[in-house]
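Take a look at the structure set out below.
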Amino acid sequence: MPAFSLEPSQTAHCAELRALAEERLCPLAEKGEPGRVNRPLVAELGRLGLLERLFTSGALDLCLMRESLAQACTEAETALALQGLGAHPVHAHGTPAQRERWLPAVSEGSAVAAFALSEPGAGSDAAALGLRAEGEADAAWQGAAGAPPGREPVVSADSSAQPVAVPDGSSRWRLTGEKCWISNAPEADFYTVFARTTPGAGARGVTAFLVPADRPGLTGTALDMLSPHPIGALAFDAVPVSADDVLGEVDRGFRVAMGTLNLFRPSVGAFAVGMAQAALDATLAHTARRDAFGGKLRDLQSVAHTVAEMALRTDAARLMVYAAATAYDEGAPDVPKRAAMAKLLATETAQYVVDTAVQLHGARALQCGHLLEHLYREVRAPRIYEGASEVQRGIIAKELYAELEVS
C-alpha cells in the first residue's frame, strides 16, 4: 500500500474512532484526576476492543488509532499508548506463561502496564543504565525489607496475584537502583524493567524483566509534571526476579527496548500529528468567525499564510509518520532511521502548530480548560520521551553514515 494513500475503509474507521472518543471516552477522561491512572478510561478502551488491537495490528494501524484518538481525546490516546508500550515487550518476547498471565488482562483493561527504561542518570542514553541485576547463588530467597521511609509500597490492583515461586536451581537476581519519569508509575500492575546484568558491557549487558508491582522491595512515588498523565519514580531495594521473569534473553534486553521503540516512535509522531490537527481545526474555526480590523481574522494575509504553513507542516509530518509505519510493517531495513525521522518531524511540527494556534487565538487560549491550553501542556513532552529530538537526530545521522559505508 502506498504510504501516502489510505484506503476508504481506513479513513472511515478513523472518523469512527474520533466519534467514539468524543461520545464515550471524553466523558470518562473529564472525570479522571490529572497525574493518576484513569482505570475506568482504560477499561472502556478494553471494552471498545482498542487495547486488543495493540497486539493484532501493525504499525500503521497503531498510528491511525493514536492520531484519531489524539484529535478528540488526548487522555484516551495516552492511556492506549502506555498500555501498548508497557505490554508490547511481553507480547513480542514473553514466554507463553507470561503472555497468558498478563496480555488478556491488558487487552480487557483490567491490568495497567508500564515501560520502565529511564533513570535519573540515564534517560536518552539507554545503554548507560545503572539499575543493577545482581545474581544470587543461594537456593532460597529472603523477602526484601519493607518500604524505605518516605515511600509508599507499589500495590497491584490485581488481587489474584500469586506469591513469587522460584524453582530450585533456576537463575535469579535482585534488582537494586532507581527508575524515573516512568509513565503509569507507581500505579501500574506490572513493569517491563530494563536492568544491567553484566557490568561494563554497555548495551550488551542489559536484560529486560517482567516485574509485577507487588514484588517485595519495589516502591514508588508519583511525580508532579507539566503533562497531565501519570508519571512516577520507582525504587528497587533488592527486588527478586528469576529466569521466569526474563523477557527475551539475558544480556539482550537492549534489543527488546529498541524493538519496542522502533514500533512506538512513529506512533508518538501520530499522537503529535493528531494534536496538531486538533489545533489547526480550532484555528480555522476561530479565524473564520473572529472579527478584527473591519473583517475576519482570516482576511488578513499574515493570518492566512500562517494557517497555510500550519496545514503544510501538519500534512508533511503525517506523511512521514505513515511512511515510517508502512516501512515497519513491510520489514524494511531502514526502520530505525525512518522511525526517528517521523518522531522528530512530527513532534517538532506539533510544537510549532500548537504554539502558533495559541498566538492566533490570543489570551483566550491561555485560560484553563481551553482546548489549546490543554494541548499546550500536552505537546511539550513528546519531544523528550522515547528519545529526545537530539537523540533522534543522532540516530538519523548514524544510520545515514552506516548506509554510506555499505554502499
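A compact table of results
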quantity	calculated
Filter result for ALA92 (in a helix (DSSP H, G or I), surrounded by fewer than 19 Cβ atoms within 10 Å (Cβ to Cβ) and outside the structural domain of VAL37 (by TED's automatic domain parsing))	no
Of residues in the stretch 259-311 being without any contact (Cβ under 8 Å) to a residue 24 or more places away in the chain and polar (S, T, N, Q), the one farthest from VAL335 (Cα to Cα)	GLN301
Filter result (over 16 Å from ALA105 (Cβ atoms), touching a residue at least 24 places away in the same chain (Cβ under 8 Å) and among the basic types (Lys, Arg)) within the stretch 1-42	ARG18, ARG24, ARG36
Residue match in the stretch 175-185 (condition: of a type in the set (Lys, Arg), closer than 17 Å to VAL246 by Cβ and either surrounded by fewer than 24 Cβ atoms within 10 Å (Cβ to Cβ) or modelled with pLDDT of 95 or more (or both))	no
Where a residue in the stretch 379-400 is in contact (Cβ under 8 Å) with a residue 24 or more places away in the chain and on the phi > 0 side of the Ramachandran plot and its partner, wherever it lies, is in a helix (DSSP H, G or I) and β-branched (Val, Ile, Thr), with Cβ under 8 Å and at least six apart	GLU386/VAL268; GLY387/ILE395
Sole residue being within 22 Å of GLU386 (Cβ to Cβ) and in contact with a helix residue (DSSP H, G or I) (Cβ under 6 Å, 6 or more places away or on another chain), chosen from ALA21, ALA92, ALA72, ALA79	ALA79
In the stretch 282-297, the residues that are farther than 15 Å from GLN359 by Cβ and of a type outside the set (Gly, Ala, Ser)	ARG289, ASP291, PHE293, LYS296
Only one of THR74, THR56 that is among the hydroxyl-bearing types (Ser, Thr, Tyr) and crowded, with 23+ Cβ neighbours inside 10 Å	THR74
Which listed residue, of LEU69, LEU50, LEU45, is more than 29 Å from THR207 (Cα to Cα), hydrophobic (A, V, I, L, M, F, W, C) and not in a helix (DSSP H, G or I)	LEU50
Residue among LEU62, LEU45 that alone is touching a residue at least 40 places away in the same chain (Cβ under 8 Å) and either within 22 Å of ALA342 (Cβ to Cβ) or in the same structural domain as ASP329 (by TED's automatic domain parsing) (or both)	LEU62
Top-ranked residue of the stretch 202-247 - restricted to ones that are in a strand (DSSP E or B) and among the hydroxyl-bearing types (Ser, Thr, Tyr), ranked as farthest from LEU117 (Cα to Cα)	SER242
Flag if PRO199 is modelled with pLDDT under 95 and within 19 Å of ALA114 (Cβ to Cβ)	no
Flag for ASP168 being acidic (Asp, Glu), closer than 17 Å to GLY84 by Cα and either modelled with pLDDT under 60 or touching an Asp or Glu at 6+ places or on another chain (Cβ under 7 Å) (or both)	no
Any chance VAL335 is closer than 22 Å to LYS398 by Cα, among the β-branched types (Val, Ile, Thr), touching a residue at least 12 places away in the same chain (Cβ under 8 Å) and crowded, with 23+ Cβ neighbours inside 10 Å	no
Selected residue (criterion: modelled with the highest pLDDT) from residues of the stretch 268-295 that are part of a helix (DSSP H, G or I) and among the charged types (D, E, K, R)	ASP281
Members of the stretch 361-401 that are over 21 Å from MET275 (Cα atoms), surrounded by fewer than 17 Cβ atoms within 10 Å (Cβ to Cβ) and out of contact with any Lys or Arg (no Cβ under 9 Å at 6 or more places or on another chain)	GLU390, ARG393, GLY394, ALA397, TYR401
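Residue-by-condition table, conditions (1) at pLDDT 90 or above; (2) more than 20 Å from VAL246 (Cβ to Cβ); (3) touching a strand residue (DSSP E or B) at 6+ places or on another chain (Cβ under 7 Å); (4) not hydroxyl-bearing (Ser, Thr, Tyr):
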residue	(1), (2), (3), (4)
PRO149	no, yes, no, yes
GLU152	no, yes, yes, yes
VAL164	no, no, yes, yes
ARG172	yes, no, yes, yes
PHE190	yes, no, yes, yes
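The values are calculated or read from the model by the stated rules, or taken from the named source; none is laboratory data. Quick caveat: nothing in here was measured; it's all calculated off a predicted structure. Virtual Cβ from ideal backbone geometry, glycine too; neighbours counted across all protein chains shown.
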